[in-house]
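Peer 1: Structure below; questions to follow.
Here, each number is a calculation from the coordinates, and none is a lab measurement. None of the values given here were measured: they were computed from a predicted structure. As a convention, Cβ positions derive from the backbone with ideal geometry for all residues, glycine included, and neighbour counts pool all protein chains shown.
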Amino acid sequence: MTAQTERELETETETMTVREAVRQALREELERDEDVYLMGEDIGLFGGVLEVTGDLYEEFGEERVRDTPISEAGFMGAATGAAATGTRPVVELMFSDFAGVSMEQIMNQMAKMRYMFGGKAEMPVTVRTTEGGGMGAASQHSGTIHTWIAHFPGLKAVAPGTAASAKGLTKAAIRSDDPVFVFENKMIYEQQGAVPVDEDFTVPIGEAAIEREGEDATVVATQRLVGESVQTAESLADDVDVEVIDARSLYPLDTETIVESVRKTGRLIVADESPLSYGTHAEIIARVQEEAFFSLDAPIQRVGTPDTHMPFSPPLEQEVLPDGDDVREAVERVT
Amino acid sequence: MGEIDLQSRDGRAEALRRMLTIRAFDSEAGDRFADGEIPGFVHLYIGEEAVGVGTCAALESDDYIASTHRGHGHCIAKGLDPKYMMAELYGKAEGYCNGKGGSMHIADVDAGMLGANGIVGAGPPLATGAALSIDYQDRDQVAVGFLGDGAVAQGQVHEAINLAATWDLPAIFVVENNQYGEGTPVEKQHNVDNLSDTAQAHDIPGLTVDGMDVTAVAEAVGEARARARAGDGPTLVEAETYRYRGHYEGDEEPYRDEAEIERWKDRDPIESFRDRLIDRGELTAEEFDEMEAEIEAEIQAAVEYAQEADEPTPDEAYDDMFAETPPEIERFATVARTDGGER
């Protein structure tokens, strides 16, 4: 268990869903800092299409919980300009697939302004967005695109797998002076967990968490696959002792925690819902082979979406969606 | 009244001085680029000086502007120092962006200049964002998004205007219609007669002014500023102007002929304004020549400063990515450094 996780558990906690944890983070940061405001499609009156912002509009009013036009390029660019000029916008991008509409502002303005201007531009902007298949939302509302953002220089990317990290990472993102994307897997909004109630609780960006300790194999998982990997590990406990790490932060990535675990177990499985080619799995694996090549006892396994889009029909969606069973098979292949 | 009061004699002299400074700066930048001293590429503002100076004259010094590819003129109009501008064009450490931006990304956020921009139409959303910060914090400022005629065809421009109009943000959109979007004439890119007609779609005032007349531009932007500050939202000002040089330096300009360029030069924004001031008895030809010589000397000093300024050291390439630098950058930089990782 990392020191950070210990610190988190020492604090008083409350059981809540991931959705409630994100909302609590938003509420606390709106209360803490007047320069913080939320903007996005249907986040106010409507409460968010996945009901994350909920009643924040009633609580904070339309100036601080701003309904935008359906205009991702416009409001992503506006958030960028606002962040450069003294306020701290928190954008909700309804589905991460819509990043395509706003990618120009993300990649050419938000990510580059500080660097292009010799460090003389601030960019304290947070973008929350939803990812993942599993609800029959089909290809344009189910994507997992976090690899694009984690890959692109100048942006930070986090992807919580538990209610506690959802709250702590959201708060850390809003407090950060850098552009941070928070990728919320929509299938875990109802997942419950113990969440620290301390208003100063944050999860530092760039720190992974060991969710289950083990000696025989390491599973580095993200988002929905964290919980499913822990369940898989429990079900395998009689035969093999699996360690499960929630990567939590994709960029920066906590290489140290992952490498230390692999040095101990000698086996690595990377489980992330993004498509397999050229992706998040590959980056984690590259870091491990650079630092722990001689500790490896078996080929590294990866669990992800097999390079397809998310199909609509439930049997097709279940076919391509990685889950705990895929993690189990991967563990069994190497132990 | 804005930063430069064109109702006053001193203000008019200052406007003339800034237009002359832009022309001298960009003429020199073109020459130094041709000599190979300035790397990359440059887009010159010569011919369009009245638009930038007229706009910034009507602004207060802490107002924001978001610029275009053709940003040198906006910088000088906003009061940036040609010395550090030239150093930036030369890629020197003492440039406004420490050599990381160059001509196309020159910026000074502290001075309200949110950057030249390499993406056509990217400035207006940034200006809308600056106007959002202003509005949110009840500050007595406005934000101007400059755009070229070509950018009027970009979707993000209309999204920015719609957002600013819907939220009544203190923004002004200044279209510099220099008759060509890169190498294609404006009438081949747009269906409207006047680009300002597009304002109707957003139910905001849109007007077309003579962009070769610094006072006409200042008057229009001044009214737009007053409107923005009154809480009545954005205005779109189209300034009809012309660039004398190619889209970029080295452009062979197959799309136009010399006669057309000469026709526009007959309405030169600097000469016409100079003549007006001489006619009014505010300026003599000798005083103008003196002013021109002073500015020429200032630009030569800027070039010398840029030539002699320090190059950035290679390891500065790894700075300024983030407020809080992730370990990845240091780690990869250590491997990548040509000096074997020694700082």
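Peer 1: Taking θ = phi - 60°, what integer Hz values does the Karplus form 6.51 cos²θ - 1.76 cosθ + 1.60 yield along the range B:17-30, in sequence order, with x for Gly and Pro?
Peer 2: 3J(HN,Hα) across the range B:17-30, in whole Hz: 4, 5, 5, 5, 5, 4, 5, 5, 4, 6, 4, 5, 4, x.
Peer 1: Right, here's the next one. GNM on chain B, C-alpha springs below 10 Å: top fluctuator among B:SER67, B:SER103, B:SER272?
Peer 2: B:SER272
Peer 1: Determine ³J(HN,Hα), in whole Hz, for all residues of the range A:38-53 in sequence, where each value follows from phi through the Karplus function 6.51 cos²θ - 1.76 cosθ + 1.60 and θ = phi - 60°; x replaces Gly and Pro.
Peer 2: After applying 6.51 cos²θ - 1.76 cosθ + 1.60, I find 9, 9, x, 7, 6, 8, x, 3, 6, x, x, 5, 10, 6, 7, 6 Hz.
Peer 1: Right, next: For each of B:LYS100, B:LYS188, A:LYS167, A:LYS264, count neighbouring Cβ atoms within 10 Å of the residue's Cβ, then give the residues from fewest to most.
Peer 2: B:LYS188, A:LYS264, B:LYS100, A:LYS167
Peer 1: Taking a ≥ b ≥ c as the square roots of the Cα gyration tensor eigenvalues, with a/c under 1.5 meaning rounded and otherwise prolate when a/b beats b/c, else oblate, which class fits chain A? Walk me through the intermediate numbers first.
Peer 2: Numbers: a/c = 1.59, a/b = 1.55, b/c = 1.02.
Note, shape of chain A comes out prolate.
Peer 1: Straight-line reach only, C-alpha to C-alpha below 20 angstrom: list the lysines that A:LYS112 could link to, leaving out same-chain residues fewer than 8 apart.
Peer 2: Cross-link targets: A:LYS120, A:LYS156, B:LYS92, B:LYS100.
Peer 1: B:LEU59's amide H: which non-local residues (gap 5+, or another chain) put their own amide H closer than 5 Å, with H modeled 1.01 Å from N in plane and none for Pro or chain starts?
Peer 2: Placed amide hydrogens put B:GLU3, B:ILE4 under 5 Å from B:LEU59.
Peer 1: From the square roots a ≥ b ≥ c of the eigenvalues of the alpha-carbon gyration tensor of chain B, which class results: rounded (a/c under 1.5), prolate (a/b over b/c), or oblate?
Peer 2: In terms of gyration-tensor shape, oblate.
Peer 1: Amide H of A:ALA157 versus every other amide H placed in the peptide plane: which residues, excluding those fewer than 5 positions away on the same chain, fall under 5 Å?
Peer 2: Answer set, sorted by chain and number: A:PHE181, A:LEU250, A:TYR251.
Peer 1: Counting other C-beta atoms within 10 Å, which of B:HIS202, A:HIS151 has the fewest, and how do the rest follow?
Peer 2: Numbers: B:HIS202 19, A:HIS151 15.
Fewest-to-most ranking of B:HIS202, A:HIS151: A:HIS151, B:HIS202.
Peer 1: Could you pull out every residue, at least 5 positions away or on a different chain, whose amide H is within less than 5 Å of the one on B:ILE65? Hs are placed 1.01 Å off N in the peptide plane, and Pro or chain starts have none.
Peer 2: For B:ILE65, whose amide H was placed from the backbone, the distant partners under 5 Å are B:MET113, B:LEU114, B:VAL144.
Peer 1: Hey, how many Å between the Cα centroid of the range A:247-306 and the Cα centroid of the range A:143-190?
Peer 2: After rounding, the separation between the Cα centres reads 19 Å.
Peer 1: If the elastic network links every pair of Cα atoms under 10 Å, which of B:ARG280, B:ARG12, B:ARG139 fluctuates the most in the Gaussian network model of chain B?
Peer 2: B:ARG280
Peer 1: Moving on. Using only the Cα atoms of the range A:180-335, construct the convex hull and provide its projected area averaged over every direction, in square nanometres to one decimal.
Peer 2: For the Cα atoms of the range A:180-335, the hull's average projected area reads 9.9 nm².
Peer 1: Which percent, nearest 5, of DSSP beta bridges in chain B are antiparallel? Can you show the working numbers first?
Peer 2: On the way: 3 of 24 bridges.
Around 10 percent of the beta bridges assigned by DSSP in chain B are antiparallel ones.
Peer 1: For the range A:3-196, rounded, prolate or oblate, judged on the Cα gyration tensor with a ≥ b ≥ c (square roots of eigenvalues), a/c < 1.5 rounded, else prolate if a/b > b/c?
Peer 2: rounded
Peer 1: A further question on this structure: Considering Cα pairs under 8 angstrom that are at least six residues apart, work out the relative contact order of the range A:3-196 and quote it in whole percent. Can you show the working numbers first?
Peer 2: Numbers: 381 pairs, mean separation 52.9, N = 194.
Rounded, it is 27 percent for the range A:3-196.
Peer 1: Next question. Can you list the chymotrypsin sites (Phe, Trp or Tyr not before Pro) in the range A:246-335 that are in a DSSP coil and have 13 or fewer other beta carbons within 10 angstrom?
Peer 2: Passing sites in the range A:246-335 are A:TYR278, A:PHE312.
Peer 1: Further question on the same structure: Taking GluC sites (Glu not before Pro) as exposed when DSSP calls them loop (any state but H, G, I, E, B) and at most 16 other Cβ atoms lie within 10 Å, what is the longest stretch of chain B free of them, the sites themselves excluded?
Peer 2: On the way: sites that count: B:GLU37, B:GLU60, B:GLU182, B:GLU252, B:GLU282, B:GLU324, B:GLU342.
Counting only loop sites that pass the neighbour cut-off, the longest clear stretch is B:61-181.
Peer 1: So which residue, out of A:GLY214, A:GLY100, A:GLY77, gets the largest mean-square fluctuation from a GNM of chain A using Cα contacts under 10 Å as springs?
Peer 2: Looking only at A:GLY214, A:GLY100, A:GLY77, the biggest GNM fluctuation is shown by A:GLY100.
Peer 1: I've got another one for you. Normalised by the empirical 2.2 N^0.38 Å for globular proteins, what value does the Cα Rg of the protein assembly as shown take?
Peer 2: The reported ratio for this selection is 1.06.
Peer 1: Suppose R0 equals 35 Å. What FRET efficiency, 1/(1 + (r/R0)^6) with r the Cβ-Cβ distance, do A:ALA298 and B:THR325 give to the nearest 0.05?
Peer 2: 0.50
Peer 1: Another one. Arrange B:MET19, A:MET110 by Cβ neighbour counts within 10 Å, fewest through most, would you?
Peer 2: B:MET19, A:MET110
Peer 1: Next question. Alpha carbon centre of the range B:69-87 versus the range B:2-62: separation in Å?
Peer 2: Between the Cα centres of the range B:69-87 and the range B:2-62 lies a distance of 7 Å.
Peer 1: Moving to a separate point now. Determine ³J(HN,Hα), in whole Hz, for all residues of the range B:43-54 in sequence, where each value follows from phi through the Karplus function 6.51 cos²θ - 1.76 cosθ + 1.60 and θ = phi - 60°; x replaces Gly and Pro.
Peer 2: Whole-Hz 3J(HN,Hα) from phi for the range B:43-54: 10, 9, 9, 4, x, 9, 4, 5, 6, x, 5, x.
Peer 1: Need one number: % antiparallel among DSSP beta bridges in the protein assembly as shown, to the nearest 5. Please list the in-between numbers first.
Peer 2: Working: 13 of 68 bridges.
Around 20 percent of the beta bridges assigned by DSSP in the protein assembly as shown are antiparallel ones.
Peer 1: Take the alpha-carbon centre of the range B:197-214, take the same for the range A:111-137, and report the distance between them in whole Å.
Peer 2: 33 Å
Peer 1: Next question, about the same structure. Given the rule -39500 (n - 2.57) for each run of at least 4 DSSP H residues, summed and divided by the residues of chain B, what is its mean residue ellipticity at 222 nm, to the nearest 500 deg cm²/dmol?
Peer 2: -13500 deg cm²/dmol
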